[in-house]
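A short worksheet on the structure shown next.
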Amino acid sequence: MKWFVNPGPRLKGISLSLLILFGAEALTACVPVLVVGATVTAVNVATDRRTVGRNLDDNSLELNIRAEVLQDGTLKGTNVSVTAINGIVLLTGEVSTDAQRTHATKLAKQDSRTLTVVNELQLAGKTSITSRANDSFITGQVKTELIRSKEVGANVIKVVTEGGKVYLLGLVTRAEADAAVAAAQSVGGVTHIVKVFEYIK
């Protein structure tokens, strides 16, 4: 079963898809791997991996969307986390209705620096402080494993955890993506691994 995300006219040459790899469970300690992948053509790894300017833009983009979410009446009482990398905005957390979920996407798209939005908001009540603390612990553990890996640079991949589900984001090669997944799979408490990657050819 495959879901395709329309990346819009600003992402020419990039194909985004969400694919649940059920077959991977037998090989990955029963941790399902989900993929939100992107293939980018003609990218020079040495020069095009998040420049200082792009990094600053992503940080500013995150702060701007977070501020919009906090000030928006429709999203009052929700838990919406925002992560941006290379113009791709990931929304995680919990909302009460589909309307709120859709509205969050619209807010994220209002910023001209947003290339596409990956909306992973769940229809549920807010998670507990204990659950969030556990997610933070898992994120730290995954980052530690990534640093230990000889195949993935320490600053190449961003890690976000929500409800035990680990999201891996960044501009990577296929080998780096596989190594990052292996690192996340070695951490206890991980229920799913979601790859939100732009793959560099």
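A few notes on this one:
- Taking 0.36 nm per residue of separation and subtracting the current Cα-Cα distance, fully stretching the chain between Asn134 and Asn59 would add 24.6 nm.
- The ellipsoid that matches the Cα gyration tensor of the range 138-201 has semi-axes, each √(5λ) in whole angstrom, of 17, 12, 9, with the longest given first.
- Applied to the range 69-82, the Karplus parametrisation 6.51 cos²θ - 1.76 cosθ + 1.60 on θ = phi - 60° returns per-residue 3J(HN,Hα) values of 5, 5, 8, 7, x, 5, 9, 4, x, 9, 10, 10, 9, 10 Hz, with x for Gly and Pro.
- Exposure proxy shown here: for Ile85, Ile157, the number of other Cβ atoms within 10 Å sets the order, fewest to most, as Ile85, Ile157.
- Where labels lie 7 Å past Cα in the beta-carbon direction, separation of Ala99 and Gln122 in nm: 2.4
- With both labels modelled 7 Å from their Cα along Cα-to-Cβ, the Lys201 to Gln110 distance reads 3.7 nm.
- When each of Lys158, Lys195, Lys109, Lys150 is scored by the number of other beta-carbon atoms lying within 10 Å, the sequence from fewest to most is Lys150, Lys109, Lys158, Lys195.
Only the coordinates and a few stated rules stand behind these numbers; no lab work does. Keep in mind that this is a model prediction, so the values were computed, not measured. FYI the Cβ positions are ideal-geometry reconstructions off the backbone, even for glycines, and counts take in every protein chain you see.
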